[in-house]
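The values are calculated or read from the model by the stated rules, or taken from the named source; none is laboratory data. These numbers were taken from a predicted model, which means no experiment stands behind them. Counting neighbours? That spans all protein chains shown, and the Cβs are built from the backbone with ideal geometry, glycine included. Only protein heavy atoms, including side chains, enter the accessible area calculation; ligands, DNA and RNA are left aside. Shrake-Rupley method; radii C 1.70, N 1.55, O 1.52, S 1.80 Å.
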Amino acid sequence: MKLPKELINALLIVVGITMYFFIIDFLGLSNVLWLRVVNVLFVWYGVTRTLSYNVEHGKTDYGYNLISAGATALLGVVMATIGLVAYVHLKGGDAYVQQLSADLLFGGEPTANQFCIGIFIEGLASALIVVFVSVQYWRRKMT
């Protein structure tokens, strides 16, 4: 059974983000705010792979590519968030979240679940931006 390209590229997003965050956590840098911005590159990579595949195979319809890229990014964000929830709870839940920098997301003292929900919303917002910008860029190659 062949997996859809959106799922394969979403898995690449998750693997990239997971490896990246394990590395920065291992190095003790998980509390550095600007390092979290790098995860956008992994989403961009997965979305670009999906759009590149579509264009190579003659799928140049704007709506199709928007949905395809959106599905890739959404699946990647959802799977990465599920992994984050598991990781945060394995590392100690609320106590682990309190170790992270207060200005990472909320300020104050979020619970582990609030933290993960916030990261999910943040991920969705950045994924939507990446999808829109990428589809606009690839739109020129589709004509």
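Against the set (i) 11, 44, 36, 8, 0; (ii) 12, 40, 29, 15, 5, 0; (iii) 11, 40, 34, 14, 1, the structure's computed P(r) over Cα pairs in 10 Å bins from 0, in percent falls on (ii). Placing unit charges on each Cβ (+1 for Lys and Arg, -1 for Asp and Glu) gives the chain a dipole about its Cα centre, and among C116, L33, A69 the Cα reaching farthest toward its positive end belongs to A69.
Leaving out ligands, DNA and RNA, what percent of the accessible area of the range 2-143 is carbon and sulfur, probe 1.4 Å? Answer for the range 2-143: carbon and sulfur cover 71 percent of the accessible area.
Across the range 79-93, coupling constants 3J(HN,Hα) worked out from phi with the 6.51/-1.76/1.60 Karplus curve, θ = phi - 60°, read 5, 5, 5, 4, x, 5, 4, 4, 5, 4, 6, 5, 7, x, x Hz, and Gly and Pro carry x. A simple count of charges around K141, restricted to other residues whose Cβ falls under 15 Å of its Cβ and scoring Lys, Arg +1 and Asp, Glu -1, yields +2. Charging the Cβ of each Asp and Glu at -1 and of each Lys and Arg at +1, and nothing else, the dipole of the chain about its Cα centre rounds to 640 debye. Computed on the chain, with alpha-carbon pairs under 8 angstrom and 6+ residues apart, the relative contact order is 33 percent. Across the range 8-20, computed HN-Hα scalar couplings (Karplus, 6.51 cos²θ - 1.76 cosθ + 1.60, θ = phi - 60°) run 4, 5, 5, 5, 5, 4, 5, 4, x, 5, 4, 4, 4 Hz from first to last residue, x flagging Gly and Pro.
Lysine pairs in the chain 8 or more apart or on different chains: how many have alpha carbons under 27 angstrom apart? Close lysine pairs under the 27 Å cut-off: 5. Build a GNM of the chain with springs between Cα atoms under 10 Å apart, and of L51, L11, L35 the one that fluctuates most is L35.
Taking a probe of 1.4 Å, how large is the accessible area per residue of the chain, in Å²?
Averaged over the residues of the chain, the accessible area is 58 Å².
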